[in-house]
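Engineer: For reference, the structure I am asking about is given below.
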Amino acid sequence: MPFDRAYYQRFYFDPRTAVTSRAEMRARARLIGAFTAHVGLPVRRMLDAGCGTGLLRAPLRRALPKAAYVGLESSEYLCRRYGWQHGTLQDFCAREPFDLVVCYDVLQYLSARQAAGALANLARVCRGVLYFSALTRRDWQVNCDRTRTDPEVHLRDADWYRTRLRRHFREMGAGFWLRRGAPLIVWDMESAG
């Protein structure tokens, strides 16, 4: 999949065909900021893995003003345009782990092998909270607007992702996962399992 100017024009820059909006990303960033505050995680470093056009950057920085933001992106076009760090999640190495990692709608673009590698790497780069979402088979069938959603993806069941994430994270619900061993307190009824 060429993540070039034409791709981003269709799915991000043209309001008639965009898959998301700035308002939706602002709400998502507020949710992420509120959740990290709720579990008592002081966020000093955050990674936006597959940051795309950076719609989460400004709202995340507002929600978490003390945190340094790193945008990781595989699209050479976007890295040139916005100055993101070029790389893939499955190969990304960090000098030290991040308190918060956001991986939103990225892994459906990866083969099963690449996605499994990326999920394993999340455990190495995240020491606190992971916010994770990927388009699933059910989402494609029931939830998404297919006129605004890229069909050139690998559709998997949600359990495929959950099984791999549960090796290193505890599921909280609403896309939030806590790194196993992180000194964060969540009440039993607030956890998804």
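What follows draws every value from the coordinates through simple rules; no lab data is involved. None of these values were measured; they are calculated from a predicted model. Virtual Cβ from ideal backbone geometry, glycine too; neighbours counted across all protein chains shown.
Engineer: At most 11 other Cβ atoms within 10 Å and a DSSP loop assignment: could you name the trypsin sites (Lys or Arg not before Pro) in segment 14-121 that fit? The partial results should precede the final answer.
Structural biologist: Numbers: sites: ARG16, ARG22, ARG26, ARG28, ARG30, ARG44, ARG45, ARG57, ARG61, ARG62, LYS66, ARG80, ARG81, ARG95, ARG113; in loops: ARG16, ARG44, LYS66, ARG95.
Answer in residue order: ARG16, LYS66, ARG95.
Engineer: Right, another one. Against the empirical 2.2 N^0.38 Å scaling, what ratio does the C-alpha Rg of segment 86-193 come to?
Structural biologist: 1.09
Engineer: With each run of n ≥ 4 DSSP H residues scored as -39500 (n - 2.57), what mean residue ellipticity at 222 nm is computed for the chain after dividing by its residue count and rounding to the nearest 500 deg cm²/dmol?
Structural biologist: Details: 6 runs with 57 residues, N = 193.
-8500 deg cm²/dmol, from helical runs alone.
Engineer: Under Stokes-Einstein, with the Kirkwood radius over Cα pairs standing in for Rh, what whole-number D in µm²/s applies to segment 1-74 at 37 °C and 0.692 mPa s? Walk me through the numbers on the way to the answer.
Structural biologist: Details: Rh = 13.3 Å.
Taking Rh from Cα pairs, D becomes 247 µm²/s.
Engineer: Among VAL106, HIS38, VAL125, whose Cα projects farthest towards the positive end of the dipole of the chain, with charges put on the beta-carbon of Lys, Arg (+1) and Asp, Glu (-1)?
Structural biologist: After comparing all options, I get HIS38.
Engineer: Next question, about the same structure. Between ASP188 and ALA34, what is the label-point separation in nm under the 7 Å Cα-to-beta-carbon projection?
Structural biologist: Spacing of the two 7 Å Cα→Cβ label points: 2.6 nm.
Engineer: In debye to the nearest 20, how big a dipole does segment 45-103 give about its Cα centre with +1 on each Lys and Arg Cβ and -1 on each Asp and Glu Cβ? Please report the intermediate quantities before stating the final value.
Structural biologist: Details: 8 positive and 6 negative charges, 68 e Å.
Once rounded to the nearest 20, the dipole reads 320 debye.
Engineer: Further question: In whole angstrom, how far apart do the alpha carbon centroids of segment 57-114 and segment 124-145 sit?
Structural biologist: Comparing the Cα centres of segment 57-114 and segment 124-145, I get a distance of 15 Å.
Engineer: Over all distinct alpha-carbon pairs, what is the Kirkwood Rh of the chain in angstrom?
Structural biologist: Working: mean 1/r = 0.0588 Å⁻¹.
With all distinct Cα pairs of the chain included, I get 17.0 Å.
Engineer: Same structure, new question: I need the calculated FRET efficiency for the pair VAL153 and ASP4, taking r as the beta carbon distance and R₀ as 25 Å, to the nearest 0.05. Don't jump to the answer; show the numbers that get you there.
Structural biologist: Details: r = 17 Å, r/R0 = 0.66.
My answer for the efficiency is 0.90.
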